[in-house]
Amino acid sequence: MNGCLAKRAVLVSPNAPIEIWDGHVPSPGAGEVLLKTLFGGVCGTDVHLWKGEVELPGPCILGHEGIGEIVELGTGVATDFAGTQIKPGDRVYWVPMTPCGRCHHCTVTKDASSCEEWVAALFGDAKAPPVATYAQFALLPGRMPFYRIPDDTPSEAVIAFGCALPTVLQAYERIGGIRVGETVLVQGSGPVGLAATLVASMCGASQVIVIGTPARRLDYARRIGATEVIDLGIETTVAGRREGVLALTGGRGADLVFEAAGVVPAFAEGLELIAKGGRYVVVGLWSAPGSVAVEPRVLNNRNLTIAGSALFQARHVRQAIGVAQKCHRQMPMAEAVTHRFELKDAEIALSMVSRLETIKAVIVPN
Ligand SMILES: [Zn+2]
Ligand SMILES: [Zn+2]
């Protein structure tokens, strides 16, 4: 592969056609790893970038969910970031993000998801060797975390939930985890909502209620652990949905509500669906500006706990592989991958994802 020309999908500017650029495949330097990209996950964030809803500093290679096969290890690299031995031919999962390792968040609060540098790698020079995943190869710099995928775990089961699963794992961690036997309500049935459903089910929630749409995603939610679903297309009013949730929870509401809806009104709705003493974690409002009226005494009088969670940390990427390894036989994780696209069709993939026509779309660059 080294020395050959290889392709990458570049977003030159928002709302412009995706361009396919060529570049030479380099040999990895000391500490670097050269990968042949097997899968690049298409994420809602890629769609936001494409549509100009997130500021873009310049042309960038799209894709931040990747599975690659090791082609060559630079000198000094013998293990992944969990200490597991690696060799050419092994599959690894990476997200092209690198904490700086020397800021307040990296060294004092130990929360790399708050590091300002964490996502900077996504917007690197589009002419440089790619670290992003809509490309035929990736050259991982020395500090970029990656983890070996165990041989018994299909790549599709890992990429199916992309960055959504690490995001969900950090969010549950921030809100204090899932308690065995409790009722979890998930707002949203996109990749984050589906990952939240899967994890709630595997961690012992007795009831997992999903509010979302379209029907295809809700059917899939049932297959990965939802015990009840409420279709936004059928139950179109806030009051009707609240009645539905109360009827399912003995009039109490849910012990834990997980916001993965991505629309601002969902926050006010979610607050009304939490049981007394319950918890609410807000995950999906990352790129949804706006405000809602909240009566603060509700939090007070109902003993509510609310947490927000943005992004994830390297350990959640490894945990996600662990979830796939454990669950892929009993849950149809790999079947979430409903659409596969060649690199040249990245734009078609983005438009299908933006129209909610997929459960999970992936780019297969090679
Ligand atoms: Zn993502
Ligand atoms: Zn930092």
Tell me, please, whether a residue that is within 29 Å of L198 (Cα to Cα), at pLDDT below 95 and open to solvent by less than 40 Å² (accessible area, probe 1.4 Å) can be found in the stretch 74-88.
no
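Considering the stretch 331-366 alone, what residues qualify as being part of a helix (DSSP H, G or I) and either of a type in the set (S, T, N, Q) or in the same structural domain as P214 (by TED's automatic domain parsing) (or both)?
Hits for the stretch 331-366 are S351, S354.
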Here's a check for you: in the stretch 240-263, which residue that is open to solvent by 20 Å² or more (accessible area, probe 1.4 Å), in a loop (DSSP other than H, G, I, E, B) and at pLDDT 95 or above is nearest to T167 (Cα to Cα)?
A261
Could you say whether any residue in the stretch 232-239 is under 30 Å from R329 (Cβ atoms) and open to solvent by 30 Å² or more (accessible area, probe 1.4 Å)?
no
Looking at the stretch 166-189, I want the residues that are open to solvent by 20 Å² or more (accessible area, probe 1.4 Å) and have a partner that is among the hydroxyl-bearing types (S, T, Y) and in a strand (DSSP E or B) with Cβ atoms under 9 Å, at least 6 apart or on another chain. Which pairs are those?
G176/T305
Among R223, R217, which is under 23 Å from the mean Cα position of the chain (by Cα), open to solvent by 40 Å² or more (accessible area, probe 1.4 Å), closer than 25 Å to I321 by Cβ and among the charged types (D, E, K, R)?
R223
Tell me, yes or no, whether the stretch 61-68 has at least one residue that is open to solvent by 20 Å² or more (accessible area, probe 1.4 Å), in the same structural domain as Q325 (by TED's automatic domain parsing) and either within 17 Å of the chain's Cα centre (by Cα) or more than 16 Å from ligand 2 (Cβ to nearest atom) (or both).
no
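Determine which member of the set Q207, Q136 is open to solvent by 20 Å² or more (accessible area, probe 1.4 Å), closer than 22 Å to T45 by Cα and away from ligand 1 (no atom under 16 Å from the Cβ).
Details: Q207 fails: closer than 22 Å to T45 by Cα.
It is Q136.
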From the option list A196, A160, single residue qualifying as crowded, with 24+ Cβ neighbours inside 10 Å and within 20 Å of F267 (Cα to Cα) is A196
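The values are calculated or read from the model by the stated rules, or taken from the named source; none is laboratory data. All of these numbers come straight from a predicted model, not from anything done at the bench. Cβ atoms come from the backbone with ideal geometry, glycine included; neighbour counts cover every protein chain shown. Quick note on the areas: whole protein, heavy atoms, side chains included, nothing else; ligands and nucleic acids left out. Shrake-Rupley method; radii C 1.70, N 1.55, O 1.52, S 1.80 Å.
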